Structure formats: structure tokens, C-alpha cells
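The structure appears right after this line, and notes come after that.
The values are calculated or read from the model by the stated rules, or taken from the named source; none is laboratory data. Quick caveat, the model's predicted, so the values are computed rather than measured. Note that each Cβ is placed from the backbone with ideal geometry, even for glycine, and that neighbours are counted across all protein chains shown.
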Amino acid sequence: MKPLRPVGIVGYGAYIPVYRIKASEIGRMWGNEGCGLPIVEKAVAGPDEDMTTIAYEAARYALARAGVSPREIGAVYIGSESKPYAVKPSGTIVAEALGAGSHLLAADYEFACKAGTEAFQTCIGLVGSGMVRYAMAIGADTAQGRPADDLEYTAASGGAAFVFGLKSKDTVAYVEGSCSYTTDTADFWRRAGQPYPRHFGRFTGEPAYFRHVITAAKMLMEELGLGPEDFDWVVFHQPNAKFPVKAAKKLGIPKEKLEPGLLVPIIGNTYSASSPLGLAATLDVAKPGDRILMVSYGSGAGSDAFSFIVQDAIEEKRPLAPPVRAFVQRKKYIDYATYVRFRGKLLR
Amino acid sequence: MGMGVPRFWREIPHKYRLMGSRCRRCGAVYHPRRPVCRRCGSRELEDVPLSGRGRLLAFTVIRRAPSDLDEYKPYIVGLVELEDGVRVLSQIVDCTPADLKPGMELEATPRRIRAHGPAGVIEYGYKFRPAIKWEPEGAEEGS
Amino acid sequence: MREPAAIIGVGCTRVGEHWESSVLDLAVEACLRALEDAGNPPVRALYVGNAASEILNEQGNLAALLADVLALEGVKAVEVRAGDASGALAFHQACLDVAAHGPGEGAVLACGVEKMTDVLAPEVERVGMLFEDARCTFHSGITIPGLCALLTRLYMDAFGPSYEDIVLFAVNDHRNAVNNPCAQYPFPIKPETIMGSPIVADPIRLFDTPGIGDGAAAAVLCAPEEAPKLSDTPVVVRASEVASGRMNFCEREDMFSIGSLRAAAKRALEAAGVSIKDVSFFEVHNTTSVVGILALEELGLAERGEGWRLVKEERIAIGADWPVNTMGGLKGRGHPWGATGLYQIVEATWQLRGEAGKNQVEGAQVGLTHNMSGLGSLSCVHILARGR
């Protein structure tokens, strides 16, 4: 898919909460003494943080890099599966906090872990059609893991925001094209009113994650006439440290291209922020002219695939806000008791 | 009990964006907002966003909390002097008391102030945290 | 305002946990005692000081209710609210009323009452924050002890005392409370005990904050000219002054300065025609020890930053240079918010009548009371003197 006019990323921002819990600490609780832990440690939102505050933080840093007035933002879309309100969009709260004024679109998206990139697609459409000048897509989550479940090791908190505008010399990267592959596949879900999601074990692999990620990637490459060797960097959705590496291998993409964007081992799976944060971390190191493949995955199920070409503006805009690694390195460890206390509050 | 929706709603711009008042006549800046300038008596004051950065003057740790903040105790409250020169009382987060020293740089961050129970509205507003520092090549730890 | 009134009767309840008494019962008890003490003169007006009965006790409009219950048919009834300055402010209004009417018009009854034990401590903490600028307290979550904690830290950093030095103010309060039959905590306390109590807001310890208690205190006033006819031991109100100040202490240029106290005290001393050296004893408003110390400095008993030394050297003890909080103060006698200002009046009256028992300040001629809301948004200063 391409919009009528080319669209680019005017600014991007990231935010990761300060708290960390080690997977080994979770393992200690449930009698898993360090065997086959899916990651090293994950980020935990503080007791007064939620998806809205995280989304705002990422958004304000994105705005700082974008260098545009908040009042020029025509849309704020947040993708998340940990909305504090089932009914009342967090997008309006973030828009107000940014000082964006009232002449804008706002809504929250749900599509499991690809809600953030779903927002990307909409923003590209709105900007490319000329309906709005700038549109912001945010992926933010404070994911809940059921105690003793496998996913408790990885369900984490974080956010990344992207301001889209027409491609220009002020965009740090432009969208070469995108596509989306969507099916009705119930690999992971959460019923309304339930505090924790459910999943079906190994069914979340081949028929779910891999089918959608690989298919979307191939669809995009075919549409754009590109091969895996044409990409300098690759970002996949990261539910754990293994899946993205395996997906890269299946596509014939060397592991090194994944590295800057592979955050899951040290911050966990930030759900709707997962591939967006990976993209932000990649933009932190990419050079003008680099081509980035980004493929998200959301259970339910679907994948959005994007090809971005980095532009010159990345060099001057990059230092205007903290890089992802500044957040990765800013950390305080908590124990399981503190984790339970913090996490309990997020369910209010 | 607790703040009704209209009361916190009308405060939203000022709580989300840390706003104060500036006297159009003499330039004095105030927080919280004022309708009359204390310095020159003018009644022409405008809302202005305040600097989100400041330094810590003093802090305490609230251990006996008011009923609506009981779940957050112990929490740190500090006196922060903003770049504008105004002093602001605020919770300080993302750190322990041992991390804090008078004079250190802090920056504003939006957080939950309180939720009115599991079904009531959520009040958001500014708190402060140790300023996140970074460098182009390698980032330092922020706290 | 010069010599607006004289006190011809006083009465109060003990400060404590009065489980069986409602806020109304407490006010009635204090008022009946005061009226009895005054020889039951006809009453023309009633002023009631109370901070938060709607929230704490689900009973509002106390003055009208009390007038009804005391069978004071048709009297003027006025409720006065100003956080924990409500008591002295009600007394001030009563003085104004007497001054406006002159002799032969009937007596005026002033009562301060607060019942704080109908709710739990965290709720009391929350309500206390309402008396400061809620835009700051409710947003930051800072409590009254929290504000005192910040002040204590700043004071210690600026002037050098340790926290153990600071809490000696509370030790003085307790020592004096021993001989006050109405005190909430009539026992002495050691600094180590204060330092061993739980921390409320670093560094403030529980025993450096006033306890939560119920109480009511009342005074009967009449015109000074007719007081000698109505009482053997009249006490004259030489001055009654009220001043406001910057509510948020962090907005004060000098954060240690209590501007409202300075203004009210200056006006009061001028109106009374006395200097601070003429004052025999002081009842000050020690929200926590550091505030009591700052009050001493503001009154000029010590230079800025030296007040703590005055306390450490025990120069505020009864019998020493500047007797302070002679019947226990906020810490020893107690601090039922809206009642405290009237307790100070009652205690000053006992001193000036020579009825303070073991706590008697020898030759007490002039007393100064200081009642304040929060950390100084409002100060009421009264100067009382032995009647002629």
C-alpha cells in the first residue's frame, strides 16, 4: 500500500519505566531456578504509571524531535491492550497533556500487540490523503501477566510514539510502502472484564506469529520488488528473545540486522510498544539511506509490515530527545513482592 | 468523598501541563495561579506553562498518608525550585530517598495522582523525577 | 483594637477521646462551665469556632444549633471557620461584638470546639490538608506534618540544630501539661521517647505532632467597664488582632518567616501599649516543634536561627525568661483544631487570675496568645492582662 503522497516520520520518541524485575526473580517464586528463562529482565511500570502516562512521555519526546507545535497535530491514536478505561480514550488525555488543542481526531486502538502499528497505518492514510498535516501514532502498554503463567516472565511496560507528516527534508525517514495481513486466529486473547489474557501455548508459534510475520514480510517485499538483502535493519515484534531471531532466519535475514531493535531480552515484551520501540532503537543508530523492514504481530491475528528509508534529517533530530538506550540503562531492580504491589495498582 | 469530576476537570490544563501565572505588567511569575499580582498589584495576569525543570531544595517522605493516598505510602514529596524561580511542592518519583540530594536536577513527568476507586475517574498530573541525562554517543544512567 | 472586652468566665472540657460525647455535647459542656464561672449573666450573642464538623461529625451550622440547645432564645449566633485558627478568630469576633455594643447590653459567649475522633487518623490527615491551598496539598499529597518536615529540614540545614534539639520544644509542652487537669497528655516525655516514636514524615516523629483529640473551651465576655461588677477576677482583653499571610510557605521569600504572626503581634502590642518585654507568658501555636521555635523567633524572643537554643537552654520554662505554653501547649494539652484558640484564652485567664496552680507564672500581669491556621495563613494574637 502507498498513500497518494509519500509520508514520513517527522519525529519519534520512546519511554521505558525505571523499574526492572529479573526473570530469575520471577522464576524463584514459581520454582523455576533459572532454566530456559525466555528473557533476562523486564520493565515494570511504577505504581503511579499507566499506559496513558507512558504514552504521553513517548509522545512528548516524539514532539521534541519533530519540532512542530502540538497544535498542528491533527490526530492522536494510541494502540494498547492495557487501557486504564475500557470506555474513555486515553488519546484525549495525551492530546490535552501535549497542548494539542481540540481540532483533532483521537481514539484508542486494540489489536493485541499490533495496535500501535495499526495506528501507524491510519496515520499514514490520514496524512497521505491530505486530511491532516501531522498525525501521531503511539504504541504503549503496561502488560499484565497472570501469576505463574509463562507470560508473566515477559509481559512488560513501555511506549514509543511517531509523528507522521508528508515526506520532506524534515522527515527522519519516509514510508516506502506498507501492507497488512489479517486473519481470524485466536492464539491469545482477553475477554472483556477479565484481568489477564489467555493463550494456547505452542499454537501461538507457527499458525500465529510466524505465519503472519513471514507472510506480511513477503507480501511487502513482493509489492516493493525487494529482497531480504535490500534491508539494512529489521525490526520484528518481540514476544521473547527466540521468535524474532527465528523469523529473521526463515526470511534469510542475518541476525546482525536485528540487533539494535532487539530489546526484549532486557526490557521484556512491551506488547503494543514492542516493534515501535524496536524501530525507535533502530532509528537511534541508523544512517541516512538505510532501509528498515518493520513487521509487527498482533494476536487475533495480524501483521503490519513497513519499509522505511532513513533520511538526512535523522542526524540533527536524533539528539533532541533521549535515545532508547538512555531508558534501558536507567533502571532500579525490584523484588517479586514489590512487583505484585505495583502491578496490583495498575488493575484499579 | 473525594474530588468530583468537574473539580478535577477544570484543573486539567494546569495539572497536566504545570501552569502558573505571569503578570503582564511586571513579569512576575507565580505558582499556583493568581488573579492579582503580589508585586505590582496588576490584575492582568496570564496563564503560562512553567519550566518543567528545576532543582531540589528539600524533601520528606510521607509515611502517614491521607486516606485517599494510603496505597501509595511511603512517598516522597519535595520542594522544587523551577528554572522560572517559582517553588513548587511535588511528589518525587523513580528514585529512593537515598538517591536525592538538595541541588539535584529534576524534571516534570505526568503520573497518576489518584484514582477514585476501581470504578471512578483517574486524576493525572505532574510529579517530578531525577532528570534523564544522555549523550549523543553513550547515554549515562538517569538517576 | 484597644481593650475591646473583658473575660468574666471560662470553662473547658478535658482534651481527649470522648467516645460518649458528640461535638455538640462537648460544646455544651464547655459553655455551661464558662457561664457558671461567669455567674450566669444574660447572653446576647454566641460565637462558635470550629474547623470541620461537617466532614468529621456530619453536623454543620453549629452556632445556631448550640444557641438552641443552650436555650439562648433569639440570640445572635455566628459560626467562625478558619482551620485551626477558628477558636481565636471566634474569640476575636466576640470581642468586636462587645466593643460594638458597650456595657449594659449583655454578655457574649465564645466557644471553640472540635471532635476529631469520629474518623480514622488517615482521614484526619486528609482533612488537615484542606486548610492549606488544596491546589498544592491535594496535588502533591503533602500533609501538614509533611510541610513541617520540609521546614524542619530547611531549618536544620540552615542553622545547625539536630532534630533531637528541635523536639525539646515538645518536651517543654509535656512538662507543663503534667499540672493541667484538662490536658490530653499530662505526663512528661523524654527526647529519646520522641525520637523512638514512628516517623510520620521524615524527619518528623509521631510524638512531635499533636495528638488527635476532642475538646471544647469557652469564654464569657462583657464590656471592660462592667466587668468588675460581674466578676471578682476579671481579665481584660488589651488587644485582639488578626492578620493573614502567604498560605504556601514555599511562596514566602524567607521561608522561615511567619508574616501573619509578625503583623498580628505588632498590631496587638501597639494596641495594648506594651512591648514584648512586658509579656509575662506566651501561648504559641506549635503545629510541630519547629513551628513553635519559629514563632518564638517571629515574636522577637530570639534572633532568626537561634530559637532552638532558647528552648535547649530551658529559657522557655515556667520560672525562666520567657514562659511558653504554660499549660501544655498544642502537644501536651492537645490540639482539637477549632478549640485550641479558646483553650489558650482559658489557660491565659487562669494564669492572670492566679489560678494556674503548680504552673503559676509568678506575678503574671500580661499574657500573649498566638493561634494560627496551618503554617501561618492566618494568625490571631491576643494580649490579655490582669483586670484592675
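Just to be sure before I move on: is A:GLY13 touching a Cys at 6+ places or on another chain (Cβ under 9 Å) and either touching a residue at least 12 places away in the same chain (Cβ under 8 Å) or among the aliphatic types (A, V, I, L, M) (or both) in the structure I sent? Judged against the criteria, A:GLY13 is not a match. Out of C:ALA263, C:ALA268, one residue alone is part of a helix (DSSP H, G or I), surrounded by fewer than 21 Cβ atoms within 10 Å (Cβ to Cβ) and of a type in the set (A, V, I, L, M, F, W, C). It is C:ALA263. Considering (1) within 30 Å of C:GLY11 (Cα to Cα); (2) crowded, with 18+ Cβ neighbours inside 10 Å; (3) not β-branched (Val, Ile, Thr), the lone condition that C:LEU151 does not fulfil carries the number (1).
The set of residues in the range B:18-63 being touching a residue at least 40 places away in the same chain (Cβ under 8 Å) and in contact with a Gly (Cβ under 8 Å, 6 or more places away or on another chain) consists of B:LEU18, B:VAL29, B:TYR30, B:HIS31, B:ARG55, B:LEU56, B:LEU57, B:ALA58, B:PHE59. Kindly establish whether B:LEU89 is more than 22 Å from C:VAL124 (Cα to Cα) and within 14 Å of chain C (Cβ to nearest Cβ). So B:LEU89 fails the test.
Okay, residues lined up against (1) more than 14 Å from every other protein chain (Cβ to nearest Cβ); (2) part of a helix (DSSP H, G or I):
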{"site": "A:SER275", "(1), (2)": "yes, yes"}
{"site": "A:GLY302", "(1), (2)": "yes, no"}
{"site": "A:SER307", "(1), (2)": "yes, no"}
{"site": "A:ILE314", "(1), (2)": "no, yes"}
{"site": "A:LYS317", "(1), (2)": "no, yes"}
{"site": "A:VAL328", "(1), (2)": "no, yes"}
{"site": "A:TYR339", "(1), (2)": "yes, yes"}
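Scanning the range A:214-232 for residues being in contact (Cβ under 8 Å) with a residue 40 or more places away in the chain and part of a loop (DSSP other than H, G, I, E, B) gives a total of 3. Residue count for the range C:1-24 satisfying the condition of being more than 17 Å from C:ASN40 (Cβ to Cβ), under 18 Å from the mean Cα position of the chain (by Cα) and of a type in the set (Gly, Ala, Ser): 1.
In the range A:71-90 there is no residue matching the filter, namely being within 28 Å of A:ALA192 (Cα to Cα), acidic (Asp, Glu) and within 14 Å of another protein chain (Cβ to nearest Cβ). Restricting the search to strands (runs of 3 or more DSSP E) fully inside the range B:2-64 and requiring at least 3 residues that are more than 8 Å from every other protein chain (Cβ to nearest Cβ) and closer than 20 Å to B:GLY78 by Cβ gives B:53-62. Checking the structure you have, find out if any residue of the range A:190-199 is surrounded by 22 or more Cβ atoms within 10 Å (Cβ to Cβ), within 20 Å of the chain's Cα centre (by Cα), part of a loop (DSSP other than H, G, I, E, B) and in contact (Cβ under 8 Å) with a residue 12 or more places away in the chain. The answer is no, given that none of the residues of the range A:190-199 is surrounded by 22 or more Cβ atoms within 10 Å (Cβ to Cβ), within 20 Å of the chain's Cα centre (by Cα), part of a loop (DSSP other than H, G, I, E, B) and in contact (Cβ under 8 Å) with a residue 12 or more places away in the chain.
Where strands (runs of 3 or more DSSP E) fall entirely within the range C:273-388, those with at least 1 residues that are surrounded by 24 or more Cβ atoms within 10 Å (Cβ to Cβ) and out of contact with any Gly (no Cβ under 9 Å at 6 or more places or on another chain) are at C:366-373, C:378-386. Among the candidates C:SER289, C:SER275, single out the residue that is free of Cβ contacts under 8 Å to residues at least 60 places away in the same chain and touching a helix residue (DSSP H, G or I) at 6+ places or on another chain (Cβ under 9 Å). One residue alone meets the criteria, C:SER275. Looking at the structure I just gave you, is A:VAL94 farther than 24 Å from A:SER303 by Cα and surrounded by fewer than 24 Cβ atoms within 10 Å (Cβ to Cβ)? Taking the combined requirement at face value, the residue does not satisfy it. Taken over the range A:320-336, residues that are in contact with an Asp or Glu (Cβ under 9 Å, 6 or more places away or on another chain) and surrounded by fewer than 22 Cβ atoms within 10 Å (Cβ to Cβ) amount to 9.
Within the option set A:PRO265, A:PRO244, A:PRO254, A:PRO260, being in the same structural domain as A:ARG291 (by TED's automatic domain parsing) and more than 17 Å from the chain's Cα centre (by Cα) holds for one residue only, A:PRO254. In the range C:72-125, of all residues being part of a loop (DSSP other than H, G, I, E, B) and β-branched (Val, Ile, Thr), the one that is nearest to C:GLU36 (Cα to Cα) corresponds to C:VAL75.
Residue-wise test of (1) touching a Pro at 6+ places or on another chain (Cβ under 8 Å); (2) closer than 30 Å to A:ARG343 by Cα.
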| position | (1), (2) |
| --- | --- |
| A:LYS167 | yes, no |
| A:ALA186 | no, yes |
| A:GLY201 | no, yes |
| A:GLU222 | no, no |
| A:ASP232 | no, no |
| A:PHE243 | no, yes |
| A:ALA248 | yes, no |
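When C:GLY387 is tested against (1) at pLDDT 95 or above; (2) touching a strand residue (DSSP E or B) at 6+ places or on another chain (Cβ under 6 Å), only condition (1) is not met. Against the definition (more than 14 Å from chain B (Cβ to nearest Cβ), over 16 Å from the mean Cα position of the chain (by Cα) and of a type outside the set (Val, Ile, Thr)), how does A:GLY116 come out, yes or no? For A:GLY116, the condition - more than 14 Å from chain B (Cβ to nearest Cβ), over 16 Å from the mean Cα position of the chain (by Cα) and of a type outside the set (Val, Ile, Thr) - is not met. Within the range A:99-111, the set of residues being surrounded by fewer than 24 Cβ atoms within 10 Å (Cβ to Cβ), touching a residue at least 24 places away in the same chain (Cβ under 8 Å) and not in a strand (DSSP E or B) comprises A:GLY99, A:GLY101, A:HIS103, A:LEU104, A:GLU110.
Within the range C:226-234, not a single residue is out of contact with any Pro (no Cβ under 9 Å at 6 or more places or on another chain) and buried (at least 24 other Cβ atoms within 10 Å of the Cβ). The residues in the range A:239-252 that are at pLDDT 95 or above and surrounded by fewer than 21 Cβ atoms within 10 Å (Cβ to Cβ) can be counted, and the count is 6. Between C:ARG262, C:ARG267, C:ARG246, the distinction of being among the basic types (Lys, Arg) and under 18 Å from the mean Cα position of the chain (by Cα) belongs to C:ARG262 only.
Within the range B:92-128, the only residue that satisfies the criterion of being more than 21 Å from A:GLU96 (Cα to Cα), touching an Asp or Glu at 6+ places or on another chain (Cβ under 8 Å) and not in a loop (DSSP other than H, G, I, E, B) is B:PRO97. Only one of the listed residues (C:LEU120, C:LEU109) is more than 8 Å from chain B (Cβ to nearest Cβ) and either surrounded by fewer than 24 Cβ atoms within 10 Å (Cβ to Cβ) or out of contact with any Lys or Arg (no Cβ under 7 Å at 6 or more places or on another chain) (or both). That residue is C:LEU109. For the range C:207-253, the set of residues classified as touching a residue at least 40 places away in the same chain (Cβ under 8 Å), basic (Lys, Arg) and within 30 Å of B:LEU57 (Cβ to Cβ) consists of C:ARG246 only.
Among residues of the range B:105-128 being over 20 Å from B:PRO6 (Cα atoms) and acidic (Asp, Glu), the one that is farthest from the other protein chains (Cβ to nearest Cβ) is B:GLU105.
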